[in-house]
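Heads up: the structure comes next, in structure tokens.
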Amino acid sequence: MADNENKAEQNDGSITLPVFEREKLILNGRSYAWITDRIAGIVEKPQPLLWWFLFIPSALIALIGVVGGLTYLVSTGVGVWGNTNRTMWGWPIVNFVFWIGIGHAGTLISAILFLTRQNWRTSINRAAEAMTIFAVMCAGIFPAFHVGRVWMAWFLAPIPNANAIWQNFKSPLLWDVFAVSTYFTISLIFWYLGMVPDLATIRDRAKPGIRKFFYGLFSLGWRGGNRQWSHYEMAYLLLAALSTPLVLSVHSIVSFDFATSTVPGWHTTIFPPYFVAGAIFGGFAMVMTIMIPARSIYKLHDVITMKHIENMCKIILATGTIVGYAYLMELFVAYYSGGKYEMEAFKLRITGPYWWAYVVMMFCNVVAPQAFWLKACRENLWIVMGICMLVNIGMWFERFVIIVTTLPRMWLPGDWKYYEASPVDVVTFVGTIGMFLTLFLLFLRFLPCINIAEVKWTLLESDAHFDDKQAHPDDGVESKAAYQYEIKKDRSMEC
Amino acid sequence: MSKSVKRVYGYLAEFESASALYKGAEKMRDAGLKKWDCYSPYPIHGLDDAMGLRRSILPYFVFFGGSTGLLTGFSLAYITQVVIYPTVVQAKPSNIFTTSAFFPIMFELTILFAGFTVLFCLLGLIGLPRLNHPLFASRQFHRATDDGFFIAVEARDPNFSPEDTKALLQEAGGTNIELVEEED
């Protein structure tokens with residue numbers, strides 16, 4: 001037994017348990033200069049061929065789907081979407097909730113894990129925040145065009161219309177406008193402020209020329225003096241503290257769009273926490289979907305270690321289980337409430353014409369992530385990628401199930417109709433996936449994709465008292481942290 | 001010989017590690033210097049005390065920014081919905097008790113205003129953006145954003161003297177001491 005080896009029995013019969021060293025977040029004893037060089041190098045060197053292989057199709061899909069699809073929509077009329085009377089919300093709102101949800105993991109990593117002092121966030125927070133911003137951009141497209149006449153979208157802003165009538169501030173739809181636009185703005189400020197020191201790093205490495213000019217401009221003349229860092233760290237803390245309730249509010253308010261209505265199947269109090277857990281769940285799957293290939297392409301294995309990936313798998317497992325609980329609790333409450341229409345709504349959801357969507361949702365969101373209980377599954381990147389893909393699909397279907405299985409049969413049997421998306425719906429949604437990937441690839445190309453300054457801060461020698469600690473080491477700390485060794489064990493498992 | 005007039009900005013000294021910088025900063029603080037700063041590629045925790053800096057005053061500004069947002073949200077919703085044009089939708093009344101329906105908007109505007117306050121007050125407090133700085137003329141200062149740790153003492157500090165300050169920096173553990181000059 002390993003336990004017995006570690007326990008040193010004292011003469012008086014008491015047992016001293018060993019104190020293990022903390023797992024290192026940066027492997028192979030990399031120096032500050034290595035970190036700078038590896039991360040800033042991504043921006044400075046020509047991109048690998050694979051980048052172009054991903055970028056060109058993504059950009060084309062974005063062009064055809066978003067630019068083409070929306071041009072066709074605006075020039076022809078919003079009727080080219082599959083939305084019909086009863087199912088007025090259809091794919092556009094499914095896509096909106098899907099993309100907004102994706103963004104939440106970014107804010108969770110950058111704000112909530114910062115407040116809870118989870119230092120492993122430093123390797124992934126920049127890319128996750130970028131993902132948030134791009135996902136919210138994709139999300140914003142759908143409600144803006146879903147209003148029907150997009151040139152009237154300014155009606156959403158708090159400005160009175162021609163008859164001096166104001167928006168209805170009691171409506172969750174208007175709350176949503178405020179929540180999503182605040183979320184985008186604050187995420188952008190957080191992302192940009194976090195990037196200023198790293199932009200200065202690239203500026204200082206650049207030769208005089210166009211690169212130096214632009215990075216110099218956007219780094220605002222940052223010098224890294226402690227009189228700057230002192231205020232900067234306070235600003236970062238404040239933004240994290242502001243973003244934490246903000247991110248929880250955004251998806252809660254999105255869920256109010258449903259929950260405050262009287263539609264059976266939507267009118268439930270479980271919606272806000274259920275939506276927030278689902279958003280974090282889906283968002284983490286998307287972080288992994290884009291970070292694991294990026295880690296592999298840019299050889300970032302020493303910065304984004306297996307510990308990071310395993311932690312994210314555990315969060316997916318935890319939030320996926322919360323989501324599964326919410327699905328079951330929803331059914332139980334429908335039964336327990338004795339509400340006839342509530343029960344009928346859920347019966348329709350599970351056994352009606354959309355049963356296949358419910359099965360896909362259940363399998364992808366509840367069953368598949370349970371594999372992460374096994375360490376072997378968390379360590380095999382192919383399995384991790386596969387499950388994350390399933391979660392991405394499952395979370396889209398969750399929103400489809402909530403919206404589309406509820407709306408097509410209400411009140412009068414005369415207007416019951418099977419909802420089908422039109423090709424324009426599909427093209428536009430696929431286009432936003434292309435747009436998301438295009439923006440992310442451009443981010444990898446032009447901006448530091450890992451927080452250089454914060455990653456340096458996780459090295460042991462970054463501590464102001466490192467010399468003193470070296471001179472007076474603690475007794476009995478064993479160098480047995482797991483991952484520094486396991487990473488070397490099997491290189492083939494990296495995809 | 002160059003004919004341009006140069007003005008001395010101050011001394012720049014390199015330190016080999018965060019620990020060395022910390023100890024150096026304590027010496028500078030105890031020597032009573034005022035116009036000086038430590039430069040590092042990442043924020044070093046504890047350095048504020050070693051430099052004798054007070055806690056950032058940013059939160060006070062942000063509190064007022066957030067409060068302004070809260071009031072703006074309330075006024076925007078209340079004045080338009082209750083005072084100017086009372087709208088009764090879904091049988092919800094329009095009076096002071098309607099305020100609970102305005103909470104989401106009040107909350108979002110609180111966060112929005114506070115976030116902008118963080119951004120603009122931070123830039124004000126750290127004196128950015130600026131396009132240039134005398135330190136950028138140094139031959140080694142570019143390493144401050146990579147792996148260099150520096151202390152710079154400005155010549156406009158009342159306790160600055162060309163010999164004593166240099167000796168102090170040397171004694172504190174500084175190496176590669178450089179006199180940084182700016183073009184006038």
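Coordinate-derived values only; no laboratory data. Since the structure is predicted, the reported quantities are computational estimates derived from the model, not experimental observations. Here the Cβ is made from the backbone with ideal geometry for all residues, glycine too, and neighbour counts use every protein chain on show.
When all alpha carbon pairs of region B:41-184 are counted in 5 Å bins from zero, the resulting P(r) reads 2, 7, 11, 12, 13, 10, 8, 7, 6, 6, 5, 5, 4, 3, 2, 0, 0 %.
What is the magnitude of the charge dipole of the protein assembly as shown about its Cα centre, with +1 placed on the Cβ of each Lys and Arg, -1 on the Cβ of each Asp and Glu, and no other charges, expressed in debye to the nearest 20?
Values: 54 positive and 55 negative charges, 370 e Å.
Value, rounded to 20: 1780 debye.
When the convex hull of the Cα atoms of region A:214-296 is projected onto a plane and the area is averaged over all directions, what value comes out in nm²? Don't jump to the answer; show the numbers that get you there.
Values: hull surface 35.9 nm².
Convex hull of Cα atoms, orientation-averaged projection: 9.0 nm².
With the simple spin-label model, which puts each label point 7 Å out from Cα in the Cβ direction, the A:His472 to A:Thr351 separation comes to 7.3 nm. Given R₀ = 51 Å, FRET efficiency for B:Ala31-A:Leu442 by Cβ-Cβ distance, to 0.05? So the FRET efficiency works out to roughly 0.55.
All distinct Cα pairs of region B:58-126 go into the 1/r average, and the inverse of that average, the Kirkwood radius, is 13.0 Å.
Largest first and in whole Å, give the semi-axes of region B:1-82's equivalent ellipsoid, each being the square root of 5 times a Cα gyration tensor eigenvalue.
Details: eigenvalues 396, 88, 27 Å².
So the equivalent ellipsoid measures 44, 21, 12 Å along its semi-axes.
Scanning residues 5 or more positions from B:Glu181 or on other chains, those with amide H under 5 Å from its amide H are B:Tyr9, with H placed 1.01 Å from N in the peptide plane. With a cut-off of 15 Å between beta carbons, the residues surrounding A:Gln370 carry a summed charge of +3, where Lys and Arg count +1 and Asp and Glu -1.
For A:Val67 and B:Glu181, what is the calculated FRET efficiency with R₀ set at 41 Å and r taken between the beta-carbons, to the nearest 0.05?
Numbers: r = 53 Å, r/R0 = 1.30.
FRET efficiency, A:Val67 to B:Glu181: 0.15.
Among A:Glu342, B:Glu183, sorting on how many other beta-carbon atoms sit within 10 Å of each Cβ, with the fewest leading, yields B:Glu183, A:Glu342. The simple Förster model, with R0 at 35 Å and r as the Cβ-Cβ distance, assigns B:Gln90 and A:Tyr336 a FRET efficiency of 0.80. For region A:51-111, the square roots a ≥ b ≥ c of the C-alpha gyration tensor eigenvalues yield an a/c of 1.5 or more together with a/b not exceeding b/c, which makes the shape oblate.
Convex hull over the Cα atoms of region A:282-353, averaged projected area in nm²? Walk me through the numbers before you get to the answer.
Details: hull surface 26.2 nm².
The directionally averaged projection comes out at 6.5 nm².
What is the angle, in °, between the Cα long axis of helix B:162-171 and the longest principal axis of the Cα atoms in chain B? Nearest 10 is fine, range 0 to 90. Its long axis makes an angle of about 80 degrees. Is the shape of region A:135-236 best called rounded, prolate or oblate, per the rule: a/c under 1.5 gives rounded, else a/b larger than b/c gives prolate, else oblate, with a ≥ b ≥ c the square roots of the Cα gyration tensor eigenvalues? Prolate shape, in that a/c is at least 1.5 and a/b is the bigger ratio.
With 10 angstrom as the radius, rank A:Val333, B:Val5 by how many other C-beta atoms surround their C-beta, starting from the fewest. Please list the in-between numbers first.
Details: A:Val333 15, B:Val5 8.
Ranking A:Val333, B:Val5 by Cβ neighbours within 10 Å, fewest first, gives B:Val5, A:Val333.
Once both axes come from the Cα atoms, what is the angle between helix B:58-78 and the longest principal axis of chain B, in degrees from 0 to 90, rounded to 10? Value to nearest ten degrees: 20.
With each run of n ≥ 4 DSSP H residues scored as -39500 (n - 2.57), what mean residue ellipticity at 222 nm is computed for the protein assembly as shown after dividing by its residue count and rounding to the nearest 500 deg cm²/dmol?
Numbers: 24 runs with 381 residues, N = 679.
One gets -18500 deg cm²/dmol as the mean residue ellipticity at 222 nm.
So what are chain A's ellipsoid semi-axes, whole angstrom, largest first, if each one is the square root of 5 times an eigenvalue of the alpha-carbon gyration tensor?
Working: eigenvalues 357, 176, 90 Å².
Result for chain A: semi-axes of 42, 30, 21 Å.
Taking max minus min of the alpha-carbon positions on each principal axis, region A:341-437 gives extents of 53, 34, 15 Å, largest first. Of the complete DSSP H runs in chain A, those spanning 15 angstrom or more by Cα along the long axis with a mean Kyte-Doolittle score not below 1.6 are A:49-62, A:381-404, A:423-446.
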